[in-house]
1. Tell me which helices (runs of 4 or more DSSP H) are completely within the stretch 201-308 and hold 2 or more residues being free of Cβ contacts under 8 Å to residues at least 24 places away in the same chain and under 18 Å from the mean Cα position of the chain (by Cα), or say none if there are none.
2. State the number of residues belonging to the stretch 24-47 that are crowded, with 16+ Cβ neighbours inside 10 Å and in a strand (DSSP E or B).
3. Which number in (1) at pLDDT 95 or above; (2) not assigned by TED's automatic domain parsing to the domain that holds residue 20 marks the one condition that residue 117 misses?
4. Hey, does the stretch 128-147 have a residue that's assigned to a loop (DSSP other than H, G, I, E, B), on the phi > 0 side of the Ramachandran plot and at pLDDT 95 or above?
5. Could you list all residues from the stretch 120-147 that are over 17 Å from the mean Cα position of the chain (by Cα) and crowded, with 17+ Cβ neighbours inside 10 Å?
6. Taking the stated definitions as given, is residue 247 crowded, with 20+ Cβ neighbours inside 10 Å and either more than 18 Å from residue 187 (Cβ to Cβ) or at pLDDT 95 or above (or both)?
7. Here is a list of conditions, (1) assigned to a loop (DSSP other than H, G, I, E, B); (2) surrounded by 16 or more Cβ atoms within 10 Å (Cβ to Cβ); (3) modelled with pLDDT of 95 or more, and residue 108 meets all of them except one; can you say which number that is?
8. I'm checking my understanding of the structure. Among residues of the stretch 48-70 that are assigned to a loop (DSSP other than H, G, I, E, B) and under 21 Å from residue 110 (Cβ atoms), which one is farthest from the chain's Cα centre (by Cα)?
C-alpha cells in the first residue's frame, strides 16, 4: 500500500502533533507501508495531519479523483484557545473552518473518545479512535539520566514535574500557584518556552513563579525529564489525549491530573489521582513512597495498550477499510 502522509507546516509545528506524526511514520515502517511525505494523488491513501489551506486543496482534488482521504483531528477550537499568543481570538473563527475541512475526509482519526465526541459536533464524517500512542523505544534507558538532570536543574526528590510547551491551557497558573503553596517541594516544567509566542499573562506567570518552580526550556533528551521527575503533575484544562501523560505512565510515574472528561479512561486511586479541588492536598498524599510506587506500577500496566505495536494494527485496518 502506498500512503501520501502529509504534515502541513511540518517545519514550524512542534509539540504533540509533531510527536504524533513521528509515531505514525514509525508505525508505517513497522507495517512495511510505502510512504511519501508530500501530497501525492497517485497514492492509495492521502493521509493529512493538519488541515491547513494546502491540505484542504489536496483533499478536494483527491475526492474528485476518487483517492480516499484520511485526516487526523489533532486540532479543535476547544483546545486551540489558551495555547499561544492570539490563539484565543482565533479559536472562534477556527471552528467553522475546521467543520468544512474535516468534512472533506472519507475517514477521521480521533486520538481519544473525548476528541471524537467533539468532532461529531463538527461533521458527520466517519470517525475512528486511534491513540497517538507512546514510543516505548524512545524512552528506553531513561533512568540513567537522573543524576545529570537533577544536578543540571538543582532538583531534589520528590520532584513534581510536567512535560510539554508552556501554555495557560495546560494549567500553567495551577502549576505555579501549587508550587507557591508547597515551597518544600521542587517543581519543574520541562519544555520549550517560546517567549515570543507567549501572551502577557503567560509571561507574567513564568516570571513571577516562586524559587522552587523551574522552567527548563527545551531539553536535548526528553528522557532526562522522566529521570529527574518523581510525580507527573498534569493540571491541563483541555487536552485531546496527552502524549506526555502516556510517556509518564510508561515510565511508571505516579500521575496527578485534573478531573476532566479527557481522562475518563483513567481510574482515580488505581493508575492515577484525579483532583477536583486542591492539588496541593493530593501532592501531599503523594509524598508517600508506597502510594507513588503502587500508582506508578498500575499506570505502567495501563499504558501497555498504547504502545505503537498495538496502535499500528488499528491504523493499518483503517487504511485497508478506506481503500
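The values are calculated or read from the model by the stated rules, or taken from the named source; none is laboratory data. Keep in mind the model is a prediction, meaning the values are calculated, not measured. Quick reminder, even Gly has a Cβ in these numbers, built from the backbone with ideal geometry, and neighbours come from all protein chains shown.
1. none
2. 4
3. (2)
4. Looking for residues that are assigned to a loop (DSSP other than H, G, I, E, B), on the phi > 0 side of the Ramachandran plot and at pLDDT 95 or above, one finds at least one in the stretch 128-147, hence yes.
5. 122, 123, 125, 127, 142, 145, 146
6. yes
7. (1)
8. 68
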